[in-house]
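Some notes on the structure that comes next.
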Amino acid sequence: MGKNITQKIIDNHKVSGEAAPGQELGLRIDQTITQDATGTMAYLQFEAMGVDRVKTDLSVSYVDHNTLQYGGFENADDHRYLQTVASKYGVYFSRPGNGILHQVHLERFGKPGGTLLGSDSHTPSSGGLGMMAMGAGGLDVAVAMGGGAFNITYPKVVLVNLTGKLQPWVSAKDVILELLRRLTVKGGVGKVIEYGGEGVKSLTVPERATITNMGAELGATTSIFPSDENTRKFLKAQKRESDWMELSADADAAYDEQVDINLDELEPMIAQPHMPDVVCKVSEIEGMKVDQVCVGSCTNSSFTDLMTVAETFKTKGKTVSTGLDMTISPGSRQVLNMLAKNGGLSSLIEAGARILETSCGPCIGNGQSPPSGGVSLRTFNRNFIGRSGTKSAGVYLVSPEVAVASAITGVITDPRKLGAYPKVAMPSEFVIDDSMILAPADDPSTVEIKRGPNIAQLPTQGELPNKLSGKTLIKLEDNVTTDDITPAGTWLKYRSNVPKYSESVFAQINEHFHEEAKNAGGGFVVGGDNYGQGSSREHAALCPMYLGIKGIIAKSFARIHKDNLVNFGILPLTFSNPADYDAIDQGDELELSGIADALKNGSETITLTNKTKGTEVALSHGYTQRQIDTILAGGKLNYTKAQAA
């Protein structure tokens, strides 16, 4: 039997384990990427491992989150640290203003058939080029930079069979929103989403990247497209044709599941508050007044995306409605430059749109918070409650086409009502200027790493004790996000200062949580299904570890967050019987006796004693032997050092 694309890449990169369902694999990583909100911690961890130079084919450090450098010295100090540590250890450095890591990496570095690991959950964007690109915690990325394997459970592979062709005013964003409508934010857990079918041929690489980018919202391990003639054309236009290789599934390849989407029949879609899978047709809710429209983010900030918005304003002779604000965040310096050269930038300015820096910006809560109770349409990838900076706002996820139509009318509008579609063609040649990507030093001894006072010591903990006890500090519902655990926005400047950043833990739910956790000497957190979905930020595990959290007991976990909990020695445990979730209340005293012995002896079930109620609950862990060894060691850093020794 033939192989699918996922199997081919895994076979070419497997360094340990068995390529069989449910088994753990170790994969060789070709490239890594970090960004400034996660990178400082990743490089501190890399330094702690004692490796002289990165071992990957390519590692790139991007600055795209905290580019405003607001409210003090912290961001500027972190950026100085990142630049110097990258130069010393063999990492390329993309300076502030060069663009969003996923857009820039797609343009300048991604290679079909390779593996990419990034300390950002939207790393699968490069799946649009035919890479196996995966998000992970910073510690996993640090280990990969040091030459270590990245471990995953052998995934199920889902074929999304695309037929037909997108109709005018319908775009790639509508494809992934339709898939989220069908599969939900939990539908991709433990799976790779692989795209195929005749419909693939009509999609450009930037369109494919929009789709793979938001595969993260499905909870998928990654998403991937074939590398075909369209891929070659894109790389040739980027003057990187030598990086191209053809990659496709064999005709008789097998898949675990199949989803069929007819692009001919797709309509403009919209995700309603407060989750990316609350999706319906735009035509079903149009007419709602809009207060803000934001175009950009790593999902929809390519040249063709923004040029489509500019051409719509220009050809329709329209401007931004007086009833709302509109912002544009170009995805890269290349995009901004080409917009200027092609007249798109002047069209956007004349229309009344505000041009922001080439950065993540509003997508991660840095600026442009909507008014209280306002409606914000965004071409972004997440609309979690409070992520925009305004908890009472309703954030809707849309395509650039829906965004510009609504900006013109002032209400949610089906763009098909605008008439003729100003189709923007892919450029045959992009403007290439890599002057803001700095190569590492040839001689590391000449580089002094600069550390500001905001960079705190990396917190660690000792080996797992045989007994864990403490209060249930908080009890949560389903779909708790990493934004709920450790928010972004104004907190981002403390990412390299765990003691300070830990004050944010669950602050949106209980602003006194960090004080209560420390006063209680730590304890347990109880959650529902899909605990820890969203960002790859390892701080959502690292900060709770600093506060003394011993274990998270939930109905189920998001993949990256479960890995991060293991990496920092916090026990992620699931209810053997989900109904037992109701048997624990906030404030209950819990105890795990003989936990280290149970893991050493290979027990699959752990007994939790509720000392307050005098009851016992069965928990499951589902750890691999490597994860057991990691937890027993007190976390991945301790485990990695022991393995190296």
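The values are calculated or read from the model by the stated rules, or taken from the named source; none is laboratory data. What you are looking at is a predicted structure, and each value in this text was computed from that prediction instead of being measured. Cβ: placed from backbone, ideal geometry, glycine included. Neighbour counts: every protein chain shown.
Per-structure values
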read-out	value
From the options Ser248, Ser321, residue that is of a type in the set (Gly, Ala, Ser), under 22 Å from Met426 (Cβ atoms) and touching a residue at least 12 places away in the same chain (Cβ under 8 Å)	Ser248
Qualifying position, being assigned by TED's automatic domain parsing to the domain that holds Glu241, under 19 Å from Lys111 (Cα atoms), in contact (Cβ under 8 Å) with a residue 12 or more places away in the chain and of a type in the set (A, V, I, L, M), among Val175, Val185, Val141, Val189	Val141
Index of the failed condition, Asp11 passing every other in (1) outside any helix (DSSP H, G or I); (2) at pLDDT 95 or above; (3) closer than 22 Å to Ser227 by Cβ	(1)
Tally of residues being touching a Pro at 6+ places or on another chain (Cβ under 9 Å), surrounded by 15 or more Cβ atoms within 10 Å (Cβ to Cβ) and under 30 Å from Thr315 (Cβ atoms) across the range 420-470	2
Qualifying residue in the range 152-172 (condition: assigned to a helix (DSSP H, G or I), among the β-branched types (Val, Ile, Thr) and crowded, with 22+ Cβ neighbours inside 10 Å)	no
Count - residues of the range 582-602 that are under 25 Å from Asn510 (Cα atoms) and surrounded by 18 or more Cβ atoms within 10 Å (Cβ to Cβ)	3
Residue among Asn381, Asn300 that is outside the structural domain of Arg95 (by TED's automatic domain parsing), assigned to a loop (DSSP other than H, G, I, E, B), modelled with pLDDT of 95 or more and under 30 Å from Tyr531 (Cβ atoms)	Asn300
Looking only at the range 512-538, and only at residues there that are among the small types (Gly, Ala, Ser) and out of contact with any helix residue (DSSP H, G or I) (no Cβ under 7 Å at 6 or more places or on another chain), the one that is farthest from Ile33 (Cα to Cα)	Ala520
Hey, His79 buried (at least 24 other Cβ atoms within 10 Å of the Cβ) and closer than 21 Å to Ser536 by Cα or not	no
Residues that are aliphatic (A, V, I, L, M) and either surrounded by fewer than 21 Cβ atoms within 10 Å (Cβ to Cβ) or at pLDDT 95 or above (or both), drawn from the range 173-188	Val175, Ile176, Leu177, Leu179, Leu180, Leu183
Any pair with Cβ under 6 angstrom, 6 or more apart, that starts in the range 49-76 at a residue that is small (Gly, Ala, Ser) and ends at one that is surrounded by fewer than 21 Cβ atoms within 10 Å (Cβ to Cβ) and modelled with pLDDT under 95	Ala76/Gln69
Criterion: of a type in the set (Asp, Glu), in a helix (DSSP H, G or I) and either in contact with a Phe, Trp or Tyr (Cβ under 6 Å, 6 or more places away or on another chain) or touching a residue at least 40 places away in the same chain (Cβ under 8 Å) (or both) - qualifying residue of Glu217, Glu194	Glu217
Flag for Val141 being among the β-branched types (Val, Ile, Thr), surrounded by 24 or more Cβ atoms within 10 Å (Cβ to Cβ) and not in a strand (DSSP E or B)	yes
Count - residues of the range 29-60 that are touching a His at 6+ places or on another chain (Cβ under 9 Å), under 26 Å from Ala540 (Cα atoms) and not in a helix (DSSP H, G or I)	5
All positions within the range 478-496 that are touching a strand residue (DSSP E or B) at 6+ places or on another chain (Cβ under 6 Å) and not in a loop (DSSP other than H, G, I, E, B)	Thr481, Asp483
Enumerated strands (runs of 3 or more DSSP E) restricted to the range 532-605, each holding at least 1 residues that are touching a residue at least 12 places away in the same chain (Cβ under 8 Å), under 18 Å from His514 (Cβ atoms) and in the same structural domain as Lys636 (by TED's automatic domain parsing)	549-554
In the range 625-636, the residues that are crowded, with 23+ Cβ neighbours inside 10 Å and either in the same structural domain as Gln23 (by TED's automatic domain parsing) or not charged (D, E, K, R) (or both)	Thr630, Ile631, Gly635
